[in-house]
Amino acid sequence: MPDDIPTKTVLAPCMGVGKIVASVTRRASYKLMGQCPEDFELLSLPALLAGDPHERELLQKNPSIIIDGCALRCTAQIFNLYGVTPIAKIEVNQIMKERKLGPGKTRKELEETGKRLSDFTAERVLEALQYEGLDADFVPLDDLSQPPPGAGDGCLHRIDRTPGAASVPDAAVAEAAATTETCQSGPTGEQSASGKHKVKSLTVLPCQGIKRTGGRITQRAAYHLVEDRYLGKSQVLCISALAAGVQEDVDMLEKFPTIALNGCGKRCATIAAELHGIPAVASVDLNQVDPQFKCEEFCLEPDLTAVEAAEAQKLADAAGKVMEALFDREIEWQPGKVDLHGLLHEPGKINAQTGFVDSGKGFLVRLAQAQAIKAQVAPEKSVMPVAETETKSECAVAKSVVANLFKPKPRV
């Protein structure tokens, strides 16, 4: 790779909101970023989908690693849509099988079991990076195959499916449904004589961004609304899953009026609904709810801070007032058809289509790399010579040893 290419590795967690395991991918990424901030960068999928120039440039100029939470493989689908080939893929559902460890039972805040799973996931990323030459085939892109919303025709491009790609049974979809929880759905509403829609249930679409504190807050606020205040009358919609064409999330946007929760002025949630052809009936923006709060500042803490938790309550309060005003009211809204712009969600085939296979080390890479890794003799563990360590940054050295920091306490 040329010397002028940035050496940061972009971490792309699925960062969903509907399933608990998505919070595991977020937390693992934050853990890695906290240990080696000079070597990693976090990709915000919602901001990427909204056309944010910085997120697009990250993917164009830096090698990236996908961290998908479940067998639905939303991040892999989105990367394929954008024409980006990661250097490796980590699948948390595989780590769950290996460790016989689940993500826990709560979405609002990870339990200890979910935190342990995130530690194992961070460790797996580091294990992948220990293999020299993993990013040797990385080539910077002049542009992404998906234009920003509003550019040209504004449409998502079709996935370029590799002719003759090996078919993988669609059992992967059933596996994902069996190993991860399903979102709570409410009544779809009624059609009035006037042709209007009488609201019985609402979908909450948080921007669910990573890095920016406002995005972190919208995720918690959405859980307050869906789980604590309007259980059975609302459901949470995932931007990543919607962009990947997951049927459950497509159904939510089609069948229920949507409230968008935006964490900052970028308004990624509002843009996401518009991009898929069914605009939100209302948007609640954190920067308007609390103009004094610096919602675009970065926060890389693995767990929500006390300040963020308090702001999430404020945002939930404001959004709750909007939702209360809509329930049992007739509005100018009709169930519609989501525009996926030709995308088909095929999680069972995506790895074969993109040429990724199991390396035998718990992560997926391109076939040639997998063969090289399997043929490689495991290096002996030794202390790096002083002369060599002096030529590397402190964080670069940490990459080879920081995995030990993530090892959980042994089970009794």
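The values are calculated or read from the model by the stated rules, or taken from the named source; none is laboratory data. As the structure is a computational prediction, the values presented were derived from the model and not from experiment. Neighbour counts are summed over all protein chains in view; Cβ atoms, including those assigned to glycine, are modelled from backbone coordinates with ideal geometry. Areas reflect the complete protein model, heavy atoms only, side chains present, ligands, DNA and RNA absent. Shrake-Rupley method; radii C 1.70, N 1.55, O 1.52, S 1.80 Å.
Structural remarks
- The stretch 279-299: number of residues that are among the aromatic types (F, W, Y) and open to solvent by 60 Å² or more (accessible area, probe 1.4 Å): 1
- Test: residue in the stretch 89-111 that is among the small types (G, A, S), over 21 Å from P46 (Cα atoms) and at pLDDT 90 or above: yes
- Search result, residues across the stretch 217-256 that are touching a residue at least 60 places away in the same chain (Cβ under 8 Å) and of a type in the set (G, A, S): A221, A222, S234, S240, A241, A243, A244, G245
- The single residue among A352, A309, A318 that is without any contact (Cβ under 8 Å) to a residue 40 or more places away in the chain and of a type in the set (G, A, S) turns out to be A318.
- Spans of helices (runs of 4 or more DSSP H) in the stretch 1-62 with at least 2 residues of a type in the set (V, I, T): 20-35
- Reported count of residues in the stretch 294-304, each being over 16 Å from C207 (Cα atoms) and in contact with a Leu (Cβ under 7 Å, 6 or more places away or on another chain), is 0.
- Residues within the stretch 116-149 that are crowded, with 21+ Cβ neighbours inside 10 Å and of a type in the set (D, E, K, R), tallied: 3
- Those residues of the stretch 300-332 which are in contact with a Phe, Trp or Tyr (Cβ under 9 Å, 6 or more places away or on another chain), open to solvent by less than 50 Å² (accessible area, probe 1.4 Å) and at pLDDT 95 or above, in sequence order: E311, A312, A316, G320, M323, F327
- Count - residues of the stretch 214-229 that are open to solvent by 10 Å² or more (accessible area, probe 1.4 Å) and either of a type in the set (A, V, I, L, M, F, W, C) or more than 14 Å from the chain's Cα centre (by Cα) (or both): 5
- Of the helices (runs of 4 or more DSSP H) lying entirely inside the stretch 255-349, the ones with 1 or more residues being within 27 Å of A71 (Cβ to Cβ) are found at 268-275.
- Test: residue in the stretch 96-107 that is over 15 Å from I350 (Cβ atoms), open to solvent by less than 20 Å² (accessible area, probe 1.4 Å), in contact with a Pro (Cβ under 6 Å, 6 or more places away or on another chain) and not hydroxyl-bearing (S, T, Y): no
- Unique residue being within 27 Å of E332 (Cα to Cα), at pLDDT below 95 and open to solvent by less than 30 Å² (accessible area, probe 1.4 Å) when the list is G263, G232, G209: G232
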